[in-house]
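What follows is a single structure, written as structure tokens, with notes after it.
The values are calculated or read from the model by the stated rules, or taken from the named source; none is laboratory data. The model shown is predicted, which means the values in this text are computed figures rather than measured ones. Neighbour counts are summed over all protein chains in view; Cβ atoms, including those assigned to glycine, are modelled from backbone coordinates with ideal geometry.
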Amino acid sequence: MEGEPLSALCSPALVVDVDKVKRNAQRMIERWQKLGVQLRPHMKTHKTLECADIMTGGSRRCIVVSTLAEACFFADSGFDDILYAYCLPFDKVERCAALSERLELFQVLLDHRDALEQLRKRPLRDGRKWHVWLKVDCGNGRAGILHSEPEALRLAEAIAETDGVELTGVYAHCGNTYNCRGAEQIQAVAQETTHFTLQFMEKLKAVGVTCKSSIGSTPSCSHPVGDMAQLSEVHPGNYVFYDVQQSIIGSCSLEDVAVRVLTRVIGHCPHRNQLLVDCGWCGLSLDGAGKLPTGYAVIEGHPNLKLSSMTQEHGRVEPISGPLDYSKYPLGSLLTLIPYHACATAMMHPVYYIHSEGRLLGKWTPTRGW
Ligand SMILES: Cc1ncc(COP(=O)(O)O)c(C=O)c1O
């Protein structure tokens, strides 16, 4: 396989441009080094050891994961200082305890007293402490206790005061940057989240509690505001691949996107002015529904083509306007899809094919499950 062109692959196939991955990762590392803030990259987008090595600059330290399966996968390969940034699921306390007892630093996250009680009831062996981040909601509207609720401060104090538990940090995720268009809007949300987080840190300090702070998302960490330099950490993840969605938000340009799905023409349907391709919603996520004039993806080099619908293993492609010239798309010919959402699309592939300038270098195998 090594050295062969991408056209040697069976389709559908997820292909990753390793040069773009390295460039995206390096830019993020340098940006946060300059600002003096610890970058803790999120692994959720790719879930592979190779990409984690690139994102951590080879240190294999200081990562965020979204599932316990990821945490175990990285821990088993020598990664440490892992933050499981998902509100502590009660069915997984024992597995979290095992990781806390075997790693130098495994960290969990919670936003409710009942979760703290779960930790209190399961003290760690050898005098170890649970390392806990409090999840606060600074406007994202998903997990987290609202930063302005008096209970948020009380819960932080309760974590800090509980035996066998340490309040390691305050974690806010500004996923609401995904509604933005352009750097100015992104920075307004980044500023607001930073402000609320730092304000919360001040309130904590006033009651004698100090700990780390972390915010981030790919849009906000691609266009940081100056005040973010006052945070301890940031935790973006998608930036290593980027995708069409990020280019629309304004986090990157389409040229920065490191992933593609290769698909082949498997049918001509002149009665519908359509082509059939061998990529359905098992090879490309449905996330882009209704968001792009080109359908579920951007079809590279064919701005007049639209991936208009997908079933499990089939995609329907049609021109945005005019009749299809079938001679341009013979059966077996390749089309290259730039995914709307790289995280969701990568999730669907058991293996990623890595290339440099269109020549295959090897494969990365992601972990799966929860
Ligand atoms: C809790 C949490 N932290 C960090 C991230 C990384 O953000 P992004 O995907 O924008 O890089 C995510 C992404 O969904 C997340 O849910």
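Do we have any residue at all in the stretch 141-153 that's basic (K, R), closer than 14 Å to T168 by Cβ and touching a Gly at 6+ places or on another chain (Cβ under 9 Å)?
So in the stretch 141-153, the residues basic (K, R) come out as 142.
Then keep just the ones that are closer than 14 Å to T168 by Cβ; that gives none.
The answer is no; no qualifying residue exists.
Among the residues of the stretch 201-228, which ones are of a type in the set (S, T, Y) and surrounded by fewer than 16 Cβ atoms within 10 Å (Cβ to Cβ)? Before the answer, list the steps.
From the stretch 201-228, those of a type in the set (S, T, Y) are 210, 213-214, 217-218, 220, 222; that's our starting set.
Matches in the stretch 201-228: T210 only.
Name the single residue, out of those in the stretch 165-193 being in a helix (DSSP H, G or I) and more than 20 Å from the chain's Cα centre (by Cα), that is farthest from S148 (Cα to Cα). It comes out as E184. Do any residues in the stretch 223-236 that are within 11 Å of A190 (Cβ to Cβ) and in contact (Cβ under 8 Å) with a residue 24 or more places away in the chain have Cβ atoms under 6 Å from those of residues that are away from the ligand (no atom under 14 Å from the Cβ) and of a type outside the set (K, R), where the two are at least six apart or on different chains, and which pairs are they? Close Cβ pairs (under 6 Å, with a partner that is away from the ligand (no atom under 14 Å from the Cβ) and of a type outside the set (K, R)) amount to H223/A183; H223/Q187; V225/Q187; V225/Q191; D227/T194; M228/T194; L231/V37; V234/V37. For the stretch 271-284, the criterion of being under 20 Å from the mean Cα position of the chain (by Cα), surrounded by fewer than 16 Cβ atoms within 10 Å (Cβ to Cβ), small (G, A, S) and under 23 Å from L335 (Cα atoms) is met by none of the residues.
Would you mind finding the one in V209, V265 that is more than 14 Å from the ligand (Cβ to nearest atom), of a type in the set (V, I, T) and either assigned to a helix (DSSP H, G or I) or outside the structural domain of F196 (by TED's automatic domain parsing) (or both)?
Details: V209 fails: either assigned to a helix (DSSP H, G or I) or outside the structural domain of F196 (by TED's automatic domain parsing) (or both).
From the options V209, V265, the qualifying one is V265.
Applying the condition of being within 21 Å of the chain's Cα centre (by Cα) and touching a residue at least 60 places away in the same chain (Cβ under 8 Å) to the stretch 198-215 and asking which residue is farthest from I82 (Cα to Cα) yields I215.
Kindly indicate whether V170 is away from the ligand (no atom under 15 Å from the Cβ), β-branched (V, I, T) and over 25 Å from R27 (Cβ atoms). Can you show your working first?
Details: away from the ligand (no atom under 15 Å from the Cβ): no; β-branched (V, I, T): yes; over 25 Å from R27 (Cβ atoms): yes.
For V170, the condition - away from the ligand (no atom under 15 Å from the Cβ), β-branched (V, I, T) and over 25 Å from R27 (Cβ atoms) - is not met.
Looking at the structure I just gave you, is T67 under 22 Å from W370 (Cβ atoms) and of a type in the set (V, I, T)? Considered against the rule, which asks whether it is under 22 Å from W370 (Cβ atoms) and of a type in the set (V, I, T), T67 comes out as yes. Quick check: anything in the stretch 229-249 surrounded by fewer than 24 Cβ atoms within 10 Å (Cβ to Cβ) and either more than 28 Å from E192 (Cβ to Cβ) or away from the ligand (no atom under 16 Å from the Cβ) (or both)? Within the stretch 229-249, one or more residues are surrounded by fewer than 24 Cβ atoms within 10 Å (Cβ to Cβ) and either more than 28 Å from E192 (Cβ to Cβ) or away from the ligand (no atom under 16 Å from the Cβ) (or both). Just one of the listed residues (R40, R60) is free of Cβ contacts under 8 Å to residues at least 24 places away in the same chain, assigned by TED's automatic domain parsing to the domain that holds L116 and touching a strand residue (DSSP E or B) at 6+ places or on another chain (Cβ under 8 Å), namely R60.
In the stretch 12-50, the qualifying residues are those that are polar (S, T, N, Q) and surrounded by 20 or more Cβ atoms within 10 Å (Cβ to Cβ), and the one that is nearest to the ligand (Cβ to nearest atom) is T45.
Output yes when any residue across the stretch 88-101 is β-branched (V, I, T), more than 19 Å from Y242 (Cβ to Cβ) and not in a helix (DSSP H, G or I), and no when none is. Looking for residues that are β-branched (V, I, T), more than 19 Å from Y242 (Cβ to Cβ) and not in a helix (DSSP H, G or I), one finds none in the stretch 88-101, hence no. Does L198 fit the bill of being away from the ligand (no atom under 13 Å from the Cβ) and crowded, with 21+ Cβ neighbours inside 10 Å? So L198 fails the test. Sub-9 Å Cβ pairs linking a first residue in the stretch 344-364 that is surrounded by fewer than 12 Cβ atoms within 10 Å (Cβ to Cβ) to a second residue that is among the basic types (K, R), at least 6 apart or interchain, are P350/R368, ordered by first then second residue. Of the residues making up the stretch 97-107, at least one is touching a residue at least 12 places away in the same chain (Cβ under 8 Å) and either assigned by TED's automatic domain parsing to the domain that holds S285 or within 20 Å of the chain's Cα centre (by Cα) (or both). Whenever a residue of the stretch 313-331 is under 14 Å from H302 (Cβ atoms), its partners that are among the small types (G, A, S) and assigned to a loop (DSSP other than H, G, I, E, B), lying with C-beta atoms within less than 9 angstrom and at least six residues away or across chains, give the pairs G315/G280; G315/G283.
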